[in-house]
Structures are given as structure tokens and as C-alpha cells.
Amino acid sequence: MFNSLKKKLNSWIGKEEKEIEKPLKKKSETKVIKKNKIKSPAKKIKTKKEDIEKKKGIFSKLSSKVKTSTIKTEHIEEIFEELELILLENNVALEVVDKIKENLIKDLEGVEVKRGEIEKMIAETLKNSLSEVLIDSPNLINEIKKKEGVYTIVFFGINGSGKTTSIAKLASKLQKEKISCVFAAADTFRAAAIQQLEKHGENLNIPVIKQDYGSDPAAVAFDAKKYAEKNKIKCVLVDTAGRMYTKENLIKQMEKIIRVSQPDKKIFVGESITGNDMVEQAKTFNEAIEIDGIILSKADVDEKGGTALSISQVTGKPIYFLGVGQNYEDLQEFKKETILKNLGLD
Ligand code: GDP
């Protein structure tokens with residue numbers, strides 16, 4: 001993940017550090033210290049050391065006075081040309097790349113730096129702004145445990161994004177934490193979706209509340225919540241339909257599900273491999289129903305990691321979990337350090 005970006009940033013930072021170190025390690029001065037160590041008393045060594053410190057101080061003051069440059073938009077644009085390609089190759093959405101550039105210009109234009117350190121400054125500012133975009137997973141399990149009564153989570157996302165599988169994986173995780181669950185089969189558009197959820201229910205020994213194919217999904221979610229209250233089940237996990245996500249009727253339907261089931265969390269599930277497309281979907285869902293967070297499925301297939309960055313930037317919402325395979329245990333918490341580490345930015 002992000003290997004080329006990591007190399008690029010490190011090469012800039014590494015190169016510039018060497019340049020700074022050079023004048024401070026004057027060979028002749030180092031030799032004087034060694035000589036004194038062998039032949040002279042300690043007092044004399046101390047004086048020499050002080051001398052060197054003094055010289056260093058004067059040198060750095062002089063160099064910063066004489067050798068400074070002002071960062072201009074052209075500098076950032078020139079350097080960013082290379083970065084832009086690397087970010088795009090790593091699945092970072094175009095609008096996010098533009099935003100990163102805009103922020104860099106805003107933060108750096110007109111800043112004075114030592115000459116030769118413009119690239120280093122840009123790389124470091126980039127690190128900081130990427131780090132600010134990413135948010136660690138909030139602790140969902142603690143939040144569920146803390147709430148009195150039933151906790152409801154509704155899952156949204158287009159068909160095939162991994163919604164049903166993610167619901168089953170989360171249920172399995174919750175069971176391990178002794179949190180009981182019920183599934184609501186509110187994707188009533190597809191008979192296969194109801195069957196798929198029933199299969200997971202059987203495997204995990206979780207009740208599934210369903211109605212006939214084509215029935216009102218909000219009613220299914222409502223029934224499941226009532227069932228949970230009656231049977232002292234802690235968590236209701238609602239599967240919804242994802243077809244025609246841009247169409248108004250689907251948005252109306254999602255709004256109705258939310259109005260009726262009053263969820264504690266609205267989670268958008270998106271495939272990390274779809275990159276730009278997924279970012280657009282997340283935006284559409286977020287504008288329509290204001291999501292609380294994201295599950296990024298199929299992160300095991302995506303080698304790049306730019307989608308996590310993009311979706312965090314575009315929605316400003318946390319990634320709760322990463323789907324990393326097709327088994328029940330393949331659901332990991334999202335740690336921003338992992339992405340930063342992959343970038344070489346930790
Ligand atoms: P839904 O239509 O949104 O409910 O999507 P599904 O849950 O049916 O998932 C669609 C396909 O993606 C299925 O074949 C899943 O096994 C697969 N899938 C879901 N999550 C993951 C994941 O994290 N990694 C991988 N490799 N496959 C996944």
C-alpha cells in the first residue's frame with residue numbers, strides 16, 4: 001500500500017536532512033575534539049566544545065538569514081504534479097487529491113523556509129493533513145453495552161457491496177462479547193437477500209424477522225425492534241435494499257426506515273475496491289440520510305488503501321470496521337496508524 005508515495009516522501013525528507021547536517025559536522029572540528037581528548041585536561045576539552053557550539057550557533061543564524069526562500073503556489077504545484085499521480089494510482093479520489101492540494105497551498109503559500117527545504121516542508125505538511133483526515137474506529141461495542149435497552153443499527157449501501165456479509169460478521173463479533181442480536185430482513189426487494197440473511201441466522205443461531213418479498217421494509221425493521229424489546233435482545237441489525245441508490249423513491253424508503261426504527265447508528269457499507277465510485281455512493285447516502293459511519297468491505301482485495309483516505313475526507317465520518325475476507329471473523333477495527341504506517345508517516 002502506498003509504496004511509491006512512501007518512497008517519494010522519504011526520499012525528500014532523507015535528502016534534505018543530509019543537507020542540513022553537512023555544515024554542522026565540520027571534519028576539522030571533530031578532529032580537534034579527538035586530539036584534546038587524548039592529550040589535554042578535561043577543562044580544555046570543555047572550552048573547545050563550547051567553542052564549537054558557539055560556531056554552530058553563529059553558523060545556523062547566518063544560514064537562516066542568508067538562505068531562506070518563500071514558498072510560492074508554483075513550487076507546490078510543481079512538486080504536487082508527481083504526488084498527484086501517486087495518490088491517484090493508489091485509489092485516492094480525484095476530488096480528494098484536489099482538496100489535499102488546496103489545503104497544502106492554503107497552509108504553505110508565503111511561508112519562509114531554509115533554502116532547499118521546500119520539498120521537505122511540503123512532505124511534512126502533507127503528512128500532518130493526511131493524519132488529520134483519518135479517524136480511529138469509535139468503540140461501537142462499548143457504546144452498545146452502555147446503552148440501556150435495545151440498540152438498533154441500520155445498514156445501507158448498494159447491492160453487492162458486502163452489506164449482508166458485514167452484518168453477519170458484526171453479529172458474530174457481538175455474540176463473542178455476549179451481546180445478543182436479531183436480524184431484520186428489510187431488503188424486501190430481493191427474495192435472495194432474505195434467504196441469505198436467514199442462512200446467516202441459521203449458522204449463528206440468530207433469529208431473523210422477515211415479511212413477504214415486496215412488503216414494507218420499515219415495517220420489518222419496526223417488527224424486529226418490537227421483537228427485541230419483548231425478548232430482551234440487545235441489538236437489532238437491519239439489512240436494507242441497495243438498488244437504485246440515486247433514485248428518489250429509494251431515498252424516501254430509507255428515510256421511512258429511519259423514522260420508524262429510530263436507529264442508534266446508520267452505517268454505510270462500501271467496497272474498498274471501487275475507489276472513486278464508492279466515494280460518490282457514500283456522498284449520496286450521506287447527503288440523503290446523514291450516515292454515522294462506514295464499514296469498508298473487501299479491504300483484503302484492495303491493495304491500495306486510498307479509498308479509506310478518500311471516504312474519510314469526503315464524509316468526515318469514521319470507519320467503524322474493515323471487512324477483510326468472507327469468514328465471520330474477518331472484520332477488523334480501523335486503525336489510522338495502519339494507513340499512516342503504510343505511508344511511512346508514523
Ligand atoms: P450485499 O448485496 O451488499 O448484501 O453484499 P453481500 O454481503 O451479499 O456480499 C457480496 C459478495 O461479496 C459476497 O460474495 C461476499 O462473500 C463478498 N464479500 C463481502 N465482504 C467481503 C470482504 O470483506 N472480503 C471479501 N473478499 N469478500 C467479501
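Under the shape rule built on the C-alpha gyration tensor, where the axes satisfy a ≥ b ≥ c, segment 161-240 is oblate, since a/c reaches at least 1.5 while a/b does not exceed b/c.
Looking at the square roots a ≥ b ≥ c of the eigenvalues of the Cα gyration tensor of segment 189-321, which shape do they give, rounded for a/c under 1.5, prolate if a/b is larger than b/c, or oblate? Since a/c reaches 1.5 and a/b is larger than b/c, the shape of segment 189-321 is classed as prolate.
Look at the alpha carbon pairs under 8 Å that are at least 6 residues apart: their mean separation over the length of segment 75-130 gives a relative contact order of 40 percent. The Cβ shell under 12 Å around Asp277 holds other residues with a net charge of -1, Lys and Arg each +1, Asp and Glu each -1.
Of the peptides 312-319, 73-80, the ranking by mean beta-carbon count within 10 Å, highest at the top, reads 312-319, 73-80.
Remark: segment 74-82, residue by residue, has Karplus-estimated 3J(HN,Hα) of 4, 4, 5, 4, 5, 5, 5, 3, 5 Hz, where x stands for each Gly or Pro and the curve is 6.51 cos²θ - 1.76 cosθ + 1.60 at θ = phi - 60°.
Protection proxy ranking, highest mean first, for peptides 168-174, 105-111: 168-174, 105-111, where packing is the per-residue count of other beta-carbon atoms within 10 Å, averaged.
Ligands, DNA and RNA are left out, and with a 1.4 angstrom probe the accessible area of segment 150-242 is 39 Å² per residue.
The packing ranking, built from the mean of other Cβ atoms within 10 Å per residue, places the peptides 154-160, 198-204 in the order 154-160, 198-204, highest first.
Can you give me the % of accessible surface on segment 216-334 that is carbon or sulfur? Probe 1.4 Å, all protein chains present, nothing else counted.
The computed percentage sits at 45.
Length available on full extension from Glu82 to Lys232: 0.36 nm per residue minus the Cα-Cα distance, which gives 48.3 nm.
The values are calculated or read from the model by the stated rules, or taken from the named source; none is laboratory data. This one's a predicted model, so the numbers in the text were calculated from it and none came from an experiment. Because the Cβ atoms are built from the backbone with ideal geometry, glycine has one as well, and the counts that use them run over all protein chains shown. Protein only, heavy atoms only, side chains kept; ligands, DNA and RNA dropped before computing areas. Shrake-Rupley method; radii C 1.70, N 1.55, O 1.52, S 1.80 Å.
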